[in-house]
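Q: Once you've had a glance at the structure underneath, I'll fire off some questions.
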Amino acid sequence: MRHIAIVGSGPAGYYTAEAALKQWGDEVRVDIFDTLPVPFGLIRTGVAPDHQSIKAVARRYESTALTRNVRFVGNVMLGRDLSVAELQELYDAVILATGAPHDRKLGLPGEELPNVFGSAAFVGWYNGHPQFAGLHPDLSHQTAVVVGNGNVALDVARILAKSEDELADSDIVAHALAGLHDSAVRRIVILGRRGPHQIAMTPKELSELAKLSRAHPVVDAADLPPVEADAGLDTGLRKSLGHLRAFAANEDNRPDDVTVEFDFFAAPRAILGEGKVEAVEVERTRLVDGKAVGTGETYRIPAGMVIACIGYQTSPIPDVPYDEQGGRFANEEGRIAPGLYCVGWARRGPTGTIGTNRPDGFAIIEKVAVDIPGDSGKPGRPGFDALAEQRGLQVVKFTDWQKIDEAEVAAARTGAPREKFVEVEKMIEATGRV
Ligand SMILES: Cc1cc2nc3c(=O)[nH]c(=O)nc-3n(C[C@H](O)[C@H](O)[C@H](O)COP(=O)(O)OP(=O)(O)OC[C@H]3O[C@@H](n4cnc5c(N)ncnc54)[C@H](O)[C@@H]3O)c2cc1C
């Protein structure tokens, strides 16, 4: 028998569990730990609330979650409730699938002003992550600046731009829907240091901007390279450029619309304001060998909120070697130390789609199989259960999550799939175990 601890119940955690089941069948017991009493990581707290078909992928993890060889051990945080050394004493392999939940800093003057957020915080707010549910962004101003040229920037801009009706069938949480209902934001500026050929935005996400009921995208045709230059791009990026070109050509926009403006070759240099955000100072850039270089020309965008969508870092865990530069655990293809591994965003940083984590999970289990060929006699589950009891940990099981799930679905406003609990205590109450 092999005893495996996976820390983190996002896509990487569940794909790794699936791989362990394929590898060892009945000869393995997998415990999947999570800080939250609810599983699925960023599928619940990152993926946009109006992208329900993507969130549905979590249902596929249930076949893994519900086998008796896999357990969900929710409401247990590695580094707070128990240490890596303790887990390693109990399990043959400990696999960190803790993601990259920490916002990268812009590193600009004024970044500490109120109403400057990273995307983990802002997205966590509208998706009901307990850590960010109390964010209270101030939406009483006309202009929001979104920094970054990836899909997260598009998610944030789209959520700010949508009408209440357009969000009705999403699982956006009630406090965010109410906040956006009262929002005065009419201009959303997306800043990209480089140009249209350097975006990391995918065609599907871009195309959604053209279908909004009260908002339209704005691209300055002068920012677009000559159309012939698109021929050398890979298919996805070429399609994305097609959308940007269509946005630039669109002339039948309604003047009263909310605008989502793409400001390319634009590097933020400072966030300005006395006690609150009042403007963003931006420097025009040009590309030199693919890098954005400042031209010295600066301008100000009057704005009341800044959301930096520029990437994420893994949160360090005591006694786990950390790669500061890469913002993830120091690892060699997933190996951190004997018996200690990492997978998903915690291994490779915040890149790729949900599906990218599947081969990652299978690859790490292959390594575990090589490194730990037989039973090493560790106690596994019963050992953890004894420790949990001794510490008074309030462990949430997968069947408890199913009760939370049921309660959330039952509490949904009309047309919406669920109303999420945004406080850990309320989630635990819904399990009926307190
Ligand atoms: C805003 C946003 C939108 C996205 N939209 C899409 C999309 O539309 N389509 C798509 O394919 N991909 C999307 N992605 C990417 C996708 O979410 C990631 O590829 C995927 O979630 C990474 O999986 P993971 O398991 O490595 O990390 P995560 O999903 O982050 O899971 C990590 C888990 O570890 C837990 N954890 C962290 N620290 C500890 C600890 N110390 N102890 C115990 N548990 C811990 C966390 O609570 C979390 O549940 C999006 C990402 C973001 C940020």
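Q: Among the residues of the stretch 310-353 satisfying the criterion of being of a type in the set (S, T, N, Q) and more than 9 Å from the ligand (Cβ to nearest atom), which is nearest to the chain's Cα centre (by Cα)?
A: Here the answer is GLN313.
Q: Then there is this: I need the full set of residues from the stretch 355-394 which are within 19 Å of THR67 (Cβ to Cβ) and open to solvent by 30 Å² or more (accessible area, probe 1.4 Å), in order please.
A: Correct list: ARG358, PHE362, ARG381, PRO382, ASP385.
Q: Something else: Hey, ILE172 hits all of (1) open to solvent by less than 10 Å² (accessible area, probe 1.4 Å); (2) not in a loop (DSSP other than H, G, I, E, B) but one; which does it fall short on?
A: (2)
Q: Pick from the stretch 183-196 the residues that are of a type outside the set (Lys, Arg) and touching a Leu at 6+ places or on another chain (Cβ under 7 Å): which of them is surrounded by the most Cβ atoms within 10 Å (Cβ to Cβ)?
A: ILE188
Q: Only residues that are in contact with a strand residue (DSSP E or B) (Cβ under 8 Å, 6 or more places away or on another chain), more than 9 Å from the ligand (Cβ to nearest atom) and of a type outside the set (A, V, I, L, M, F, W, C): list them for the stretch 75-104, please.
A: Across the stretch 75-104, the qualifying residues are ASN75, GLN88, TYR91, ASP92, HIS102, ASP103, ARG104.
Q: In the set ALA161, ALA153, which member is within 14 Å of the ligand (Cβ to nearest atom), within 21 Å of ILE301 (Cβ to Cβ) and open to solvent by less than 10 Å² (accessible area, probe 1.4 Å)?
A: Answer to the selection: ALA153.
Q: What residue, among those in the stretch 50-74 that are small (Gly, Ala, Ser) and within 11 Å of the ligand (Cβ to nearest atom), is farthest from PHE40 (Cα to Cα)?
A: The qualifying residue farthest from PHE40 (Cα to Cα) is SER53.
Q: Is it true that THR285 is surrounded by 12 or more Cβ atoms within 10 Å (Cβ to Cβ) and among the polar types (S, T, N, Q)?
A: It is true that THR285 is surrounded by 12 or more Cβ atoms within 10 Å (Cβ to Cβ) and among the polar types (S, T, N, Q).
Q: Please go through the stretch 68-85 and give me each residue that is more than 19 Å from PRO37 (Cα to Cα) and touching a Leu at 6+ places or on another chain (Cβ under 7 Å), ordered by number.
A: Matches in the stretch 68-85: ASN69, VAL84.
Q: Show me the helices (runs of 4 or more DSSP H) found entirely inside the stretch 44-141 where at least 1 residues are touching a residue at least 60 places away in the same chain (Cβ under 8 Å), among the acidic types (Asp, Glu) and out of contact with any helix residue (DSSP H, G or I) (no Cβ under 7 Å at 6 or more places or on another chain).
A: Helices (runs of 4 or more DSSP H) meeting the threshold: 84-90.
Q: Give the residue that is farthest from the chain's Cα centre (by Cα), with candidates limited to residues of the stretch 13-30 that are open to solvent by 10 Å² or more (accessible area, probe 1.4 Å) and within 16 Å of the ligand (Cβ to nearest atom).
A: GLU18
Q: Among the residues of the stretch 114-140, which ones are within 17 Å of PRO302 (Cβ to Cβ) and open to solvent by 30 Å² or more (accessible area, probe 1.4 Å)?
A: Residues satisfying the conditions are PRO114, ASP138, SER140.
Q: Could you list, in sequence order, all residues of the stretch 208-256 that are surrounded by fewer than 16 Cβ atoms within 10 Å (Cβ to Cβ) and among the hydroxyl-bearing types (Ser, Thr, Tyr)?
A: SER213, THR235
Q: Hey, another quick one. Determine, yes or no, whether LEU177 is surrounded by 21 or more Cβ atoms within 10 Å (Cβ to Cβ) and hydrophobic (A, V, I, L, M, F, W, C).
A: When the stated conditions are applied, LEU177 does not pass them.
Q: Can I ask one more? In the stretch 262-282, which residues are on the phi < 0 side of the Ramachandran plot and either open to solvent by less than 40 Å² (accessible area, probe 1.4 Å) or at pLDDT below 95 (or both)?
A: PHE262, ASP263, PHE264, ALA266, ALA267, PRO268, ALA270, ILE271, VAL277, ALA279, VAL280, VAL282, listed by residue number.
Q: Can you name the residue in the stretch 221-274 that is touching an Asp or Glu at 6+ places or on another chain (Cβ under 8 Å) and assigned to a loop (DSSP other than H, G, I, E, B) and, of all such residues, is nearest to ILE190 (Cα to Cα)?
A: Taking the candidates together, the pick is PHE264.
Q: Consider VAL422 against the criteria (1) under 27 Å from GLU166 (Cβ atoms); (2) open to solvent by 60 Å² or more (accessible area, probe 1.4 Å): it satisfies all of them except one. Which criterion is unmet?
A: (2)
The values are calculated or read from the model by the stated rules, or taken from the named source; none is laboratory data. From a predicted model like this one, the values you see are computed outputs, not experimental measurements. Because the Cβ atoms are built from the backbone with ideal geometry, glycine has one as well, and the counts that use them run over all protein chains shown. Calculation scope for accessible area: heavy atoms of the full protein, side chains included, ligands and nucleic acids excluded. Shrake-Rupley method; radii C 1.70, N 1.55, O 1.52, S 1.80 Å.
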